[in-house]
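Participant: Sharing a structure here in structure tokens format.
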Amino acid sequence: MKINPLGLQAINSYKKQARTEKTENVQKSFADHIEISSKAKVMQATNTYANERAERIKQLKADIDSGEYKVDAKQVAADMLKYYRR
């Protein structure tokens, strides 16, 4: 008894077709492209938080060096309790 493979050629032609598409995609060269949104550009331009923070740190360092910086012990204790009670 001889069994003929039916439909095998259709599968092979599909695979050949898929391979040609893959090789065509590989041959195309592309480069990555990054674009910054307009909102991000505005945020970078008006980054006042970092500037304000830098000024605050500079002021705190100057106060510590001159000896004028005083620690509020009650506020520190309250913040510690608040942290540990979470």
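The values are calculated or read from the model by the stated rules, or taken from the named source; none is laboratory data. What you see is a predicted model; the values in this text were computed from it and never measured. Note that each Cβ is placed from the backbone with ideal geometry, even for glycine, and that neighbours are counted across all protein chains shown. Protein only, heavy atoms only, side chains kept; ligands, DNA and RNA dropped before computing areas. Shrake-Rupley method; radii C 1.70, N 1.55, O 1.52, S 1.80 Å.
Participant: Could you count how many residues in the range 33-58 are surrounded by 10 or more Cβ atoms within 10 Å (Cβ to Cβ) and among the small types (Gly, Ala, Ser)?
Facilitator: Residues in the range 33-58 being surrounded by 10 or more Cβ atoms within 10 Å (Cβ to Cβ) and among the small types (Gly, Ala, Ser): 2 in total.
Participant: Pick from LYS28, LYS61, LYS16, LYS22: which is open to solvent by 100 Å² or more (accessible area, probe 1.4 Å), more than 21 Å from the chain's Cα centre (by Cα) and at pLDDT 75 or above?
Facilitator: Selected residue: LYS61, the only one of LYS28, LYS61, LYS16, LYS22 that is open to solvent by 100 Å² or more (accessible area, probe 1.4 Å), more than 21 Å from the chain's Cα centre (by Cα) and at pLDDT 75 or above.
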